[in-house]
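The values are calculated or read from the model by the stated rules, or taken from the named source; none is laboratory data. Note that the structure is predicted; figures quoted are calculated from it, not measured. Neighbour counts run over all protein chains shown; Cβ positions are idealised from the backbone, glycine included. With ligands, DNA and RNA removed, areas are computed over all heavy atoms of the protein, side chains included. Shrake-Rupley method; radii C 1.70, N 1.55, O 1.52, S 1.80 Å.
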Amino acid sequence: VPYKHFLFVQPPGILEIFLPFSLLSHGFGTQTTLVLERAITLGAASANAGLVAWILRRRGLLAMVVAGGVMGLSCATAGVATGIKLDPLFIFFVLLASSLVFSNRPLQESRRPLLAGLLFGVAISIKLWAIVPLCCLVVTMYPGSPKAMRSLLKATLGAFGLLVLPFILVAPSAIFRDVIFLQI
């Protein structure tokens, strides 16, 4: 069990995402499973360029092309084919959540803040740095949509708690030491 039996300095989200594929390794072999997991990471990195362009669609074609191109060539995409990286996956969930929030429809009349919060919870469970874009989003949402912002935050805490709670129950001090204090 991570944190209890061995050091793991990231939140457990990546382990939970790839758990079904790791279970497949018993039948297909570790090498095949790792190739599949790298392909998923590469797919997320590729989707990130499209998601950035989609979010900026109201800013015009030039903004879409530049932002999508920069994302496609960024450090978050570099080296994805050679290993399983956290950055493309947590960025994917952040961008997916952001695309739900930055829509033409009013936030108060939809479930989009709830769904965005769930996605942010997953992103934070992969890499704690996802808290930064969440805070930026909360600051921009609060003046116009305090109810939507509260829904987003509740869903984020719920999803993050649900994903991290099993590991906290098994090794409470170790997970905080590994994920927070060793990172600092």
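Taking θ as phi - 60° and the Karplus parameters 6.51, -1.76 and 1.60, the scalar couplings of region 13-27 work out to x, 5, 5, 6, 5, 8, 4, x, 6, 5, 5, 5, 4, 5, x Hz in sequence order, x denoting glycine and proline.
Using the C-alpha atoms of region 123-184, what convex hull volume per residue, in cubic angstrom, is computed?
Numbers: hull volume 5.0 nm³, N = 62.
Enclosed volume per residue, from the Cα hull, is 81 Å³.
Dividing the helix sum by the residues of the chain, where each DSSP H run of 4 or more adds -39500 (n - 2.57), gives a mean residue ellipticity at 222 nm of -22500 deg cm²/dmol. Taking Cα centre as origin and charging only the Cβ of basic (Lys, Arg, +1) and acidic (Asp, Glu, -1) residues, the dipole magnitude of the chain rounds to 540 debye.
The lysine pair count for the chain, using Cα distances under 27 Å and pairs eight or more places apart or on different chains, is 5.
Can you pull a Stokes-Einstein diffusion coefficient for region 1-100 at 4 °C (1.567 mPa s), Rh from Kirkwood over Cα pairs, as a whole number of µm²/s? After rounding, the answer is 87 µm²/s. Of the accessible area of region 95-157, computed with a 1.4 Å probe over protein heavy atoms only, carbon and sulfur atoms account for 69 percent. Taking the accessible area of region 8-73, probe 1.4 Å, and keeping the other protein chains in place, the carbon and sulfur fraction comes to 73%. Between helix 30-55 and the chain there is an angle of about 10 degrees, using the helix long axis and the longest principal axis of the Cα atoms.
How large is the accessible surface per residue of the chain, computed with a 1.4 Å probe and reported in Å² as a whole number? Write down the numbers at each step before the final one.
Values: 10390 Å² over 184 residues.
That works out to 56 Å² for each residue.
For Tyr3, the residues whose modelled amide H falls within less than 5 Å of its own, excluding neighbours fewer than 5 places apart on the same chain, are Phe8. When the charge dipole of the chain is built from unit charges on Cβ atoms (+1 for Lys and Arg, -1 for Asp and Glu) and taken about the Cα centre, the candidate among Gly121, Pro166, Leu137 whose Cα reaches farthest toward its positive end is Leu137. Taking Cα centre as origin and charging only the Cβ of basic (Lys, Arg, +1) and acidic (Asp, Glu, -1) residues, the dipole magnitude of region 102-183 rounds to 220 debye.
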